[in-house]
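The values are calculated or read from the model by the stated rules, or taken from the named source; none is laboratory data. Here the structure is a predicted model, which means the values were calculated and not measured. Don't worry about glycine lacking a Cβ; one is built from the backbone with ideal geometry, like all the others, and counts go over all protein chains shown. Heavy atoms of the whole protein, side chains included, go into the accessibility calculation; ligands, DNA and RNA do not. Shrake-Rupley method; radii C 1.70, N 1.55, O 1.52, S 1.80 Å.
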Amino acid sequence: EYAEKVIQNQLGGMKRSKINQDLGRKDSAALLKEKELYKMFPTIDRHFLMDIFKDNNYSLEQTEQFLRSVLDAGPVKNVIAQDVGKHSEAQRPGVKEKKKKVKEAEVAVQFQDTEDPDYGDFRAEALLQHRKRQECFCKAAEAYRQGKKDVATFYAQQGHHHGQKKKEANHRAAMRIFERVNASLLPQNVLDLHGLHVDEAIHHLKDVLQDKMAEWQQNRGKPHLSVITGRGNRSQGGVARIKPAVIDYLTNHNFRFTEPKAGLLVIFFNK
C-alpha cells in the first residue's frame, strides 16, 4: 500500500506539472505585451517584470499600474494588521516623468541572458533528489514485503540521504531566486517573495525586516517596506500561500501594514 501510494503521488505530481506547463504558455498577444513591458521598464529585472505580468493575468495596463505603485511607493494610510482585509485598494496619484525615470534607474540591473530562466530551473536539482528519494522508498517498501530487511534498510537509508540532499538543494535554490531579483529591489525597500516556498519566504522576510528597521532607526532608511507576495495565481489550486503566511506573521508580531494593491503589502516600522 505504501509503494502504491508513493507511485500515485508521483503520477499526480507529473500530471500537475503538465497542467502548470500548459497554463504557463503565452499566446502571441501576451508576447507582444511582454515586449512592450520591457520597453516601458528597460532597466528593471526581466524576471521580476514577468512575475508581476503573470500575477496581473498578462494585463499590460494593470501591470504598469502595479509597478508604478511599487516604484513610487510612499507612506499611505496605515491600517492595523487585523483590519487588512477591510480596507479598499488605494490608488496612488501619478508622478512626473522625470521622477519616474530616476526611480527606474535606481533599480537598474545588467542582463546577460536574452531569456530569463523559470523558477523550475532553480529547483531542478531539488526535484531530481526528490525523485531519487521516492524511488529509494519504493524499493525499500518492496524489499520489506519480500522479507529482505537488510535490502529494505539500505534503500531506506538512501532515501533519507536523498531527502537531505533535496533540502540542501532547495536552500541553494531559494538563495539564488532571492538574490536574482532582490539585489536590485532591496535598496528601494522593496522585497519580492516570488518563487520561494512559504518557509523560505518568511525566513527572508524576517531578515529583511530586521535589516530595514535597523537602517530606519539609524536614520539611514525609509520608514516602510513594500513586500510583493503575488496573488497565488501559480500556486497549486490557484490558492495563495505566501500572502496569508506573511499576513499571519505581521499580525502576530504587531506590525502595521496596508495592501494598496492585490499582492502588495506595505509594512510600517513606526508601530
Within segment 130-159, track down each residue that is of a type in the set (A, V, I, L, M, F, W, C) and either out of contact with any helix residue (DSSP H, G or I) (no Cβ under 6 Å at 6 or more places or on another chain) or closer than 22 Å to His171 by Cβ (or both). Cys136, Phe137, Phe154
What's the number of the condition Gly195 fails, among (1) part of a helix (DSSP H, G or I); (2) small (Gly, Ala, Ser); (3) at positive phi? (1)
Step by step: first the residues of segment 121-153, then only those that are farther than 17 Å from Ile177 by Cβ and assigned to a loop (DSSP other than H, G, I, E, B), then the one that is least open to solvent (accessible area, probe 1.4 Å). Which residue is that? Gly147
Inspect all residues belonging to segment 158-168 and state whether any of them is in a strand (DSSP E or B) and either surrounded by 17 or more Cβ atoms within 10 Å (Cβ to Cβ) or out of contact with any Asp or Glu (no Cβ under 6 Å at 6 or more places or on another chain) (or both). no
Quick check on Gly230: is it in contact with a Leu (Cβ under 9 Å, 6 or more places away or on another chain), outside any helix (DSSP H, G or I), buried (at least 16 other Cβ atoms within 10 Å of the Cβ) and not hydrophobic (A, V, I, L, M, F, W, C)? yes
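Table: residues versus (1) hydroxyl-bearing (Ser, Thr, Tyr); (2) at pLDDT below 90.
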| position | (1), (2) |
| --- | --- |
| Ala169 | no, no |
| Met175 | no, no |
| Ser184 | yes, yes |
| Asp192 | no, no |
| Gly195 | no, yes |
| Glu200 | no, no |
| Leu205 | no, no |
I'm trying to understand the selection: among the residues of segment 251-271, which are within 13 Å of Thr229 (Cα to Cα), touching a helix residue (DSSP H, G or I) at 6+ places or on another chain (Cβ under 7 Å) and open to solvent by less than 20 Å² (accessible area, probe 1.4 Å)? Pro260, Gly263, Leu264, Leu265, Ile267
Please give the helices (runs of 4 or more DSSP H) falling wholly within segment 17-102 in which 3 or more residues are modelled with pLDDT of 55 or more and within 20 Å of Glu259 (Cβ to Cβ). 46-55, 60-71
For residues that are over 29 Å from Asn270 (Cβ atoms) and crowded, with 20+ Cβ neighbours inside 10 Å, scanning just segment 171-209, find the one that is nearest to the chain's Cα centre (by Cα). Gly195
